[in-house]
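Student: The structure is given below, and queries will be raised subsequently.
Read-outs: derived from the displayed coordinates by stated rules, not from any lab. Because the structure is a prediction, the values reported are computed rather than measured. FYI the Cβ positions are ideal-geometry reconstructions off the backbone, even for glycines, and counts take in every protein chain you see.
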Amino acid sequence: MKTNYLVLVLFAALAWGCDSDDDDNDFTLTTIAGAPTWQVDFSGNEVAPDWPEPNPSNYENWTIMLVEIEDALKPYSSADDLLALFVDDDLRGLSRPVINLSVGDDEDVRKDESDKDLYILKAYGYETGENEVNMTLRYYCSRLKQMFSLTKRMKFDVDYIYGLDEDFIPQFTHGSAKYPVVSHLTITTANLLPLEVKFAAGDMLAAFVGDECRGACTLTGETALSPVNLTVFGREEGESYTLKYYQAATQSVYTLSKRF
């Protein structure tokens with residue numbers, strides 16, 4: 001997976017038209033009923049992995065990882081999902097979502113009442129915590145039929161409980177095989193002034209490749225007063241995309257003619 005960090009100054013060098021019917025315009029303007037349902041499609045066709053449970057007798061010690069699924073994937077999480085930890089190619093931990101034991105002993109009920117966004121993963125090892133190793137978290141989402149994988153070189157410390165002192169929320173969407181190129185755009189309020197549009201809570205910003213949404217965000221009260229950070233997911237290097245802005249107050253969508 002490759003991540004591009006870009007600070008994109010938009011629109012400032014463009015000469016903006018006012019007539020949306022003019023072919024030389026820098027944007028088109030349409031009116032819609034209600035907010036658009038812009039979102040990235042992370043669905044795939046991968047089958048669930050058949051990971052074996054690690055054998056505790058092969059390792060000298062263990063630690064705990066408390067992992068929360070990121071907001072973008074929470075609507076698709078289920079009790080059938082899996083989370084695994086690898087050190088290099090060695091499977092060190094395997095877990096399903098946390099089960100709420102207070103709901104009783106009925107397996108079907110417990111499955112329905114599981115906390116589908118939280119994992120308690122017991123990670124085995126024999127490292128001393130002095131040297132860094134390649135640690136990979138792999139999350140399989142059964143509803144999306146998609147495997148997400150994130151690798152980071154860090155210390156495997158059995159004296160440290162990961163996620164206990166701070167939130168441990170890996171950005172699994174940045175580890176999708178479907179979108180291996182990830183770009184981060186920073187867009188300022190001033191960049192939209194030629195459109196006579198100012199950021200406001202409820203407005204939306206999105207990037208498209210053709211008709212496929214590759215990144216979207218909805219502005220809140222906080223983000224409406226600051227630059228908007230938009231993550232764009234790409235299938236390959238060198239793709240060009242179109243930006244769209246939805247203004248909630250007028251239910252208008254501005255589509256930039258310029259491709260980026």
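Student: Would you grab the residues whose amide H sits under 5 Å from the one on Ser78? Only those 5+ places off in sequence or on another chain, please, with H modelled 1.01 Å from N.
Tutor: Residues meeting the criterion, in which the H sits 1.01 Å from N, are Ser142.
Student: How many nm separate the modelled label positions at Glu46 and Arg143, each set 7 Å beyond the Cα in the direction of the Cβ?
Tutor: Computed distance between label sites Glu46 and Arg143 equals 1.8 nm.
Student: State which entries of Lys116/Lys152; Lys152/Lys178; Lys122/Lys145; Lys74/Lys145; Lys116/Lys198; Lys152/Lys244 exceed 26 angstrom in Cα-Cα distance in the structure shown.
Tutor: On the way: Lys116/Lys152 24 Å; Lys152/Lys178 20 Å; Lys122/Lys145 24 Å; Lys74/Lys145 14 Å; Lys116/Lys198 38 Å; Lys152/Lys244 34 Å.
Violating the 26 Å limit, Cα to Cα: Lys116/Lys198; Lys152/Lys244.
Student: Still on this structure, I have one more. Label points 7 Å out from Cα along the Cβ direction at Leu29 and Ile169: separation in nm?
Tutor: 3.7
Student: What whole number of Å gives the distance from the Cα centroid of segment 126-148 to the Cα centroid of segment 53-78?
Tutor: 8
Student: Okay, next question. Sort the following peptides by mean Cβ neighbour count (other Cβ atoms within 10 Å, averaged over residues), highest first: 52-60, 231-239.
Tutor: Values: 52-60: 11.0, 231-239: 15.6.
Those peptides, ordered most packed to least, come out 231-239, 52-60.
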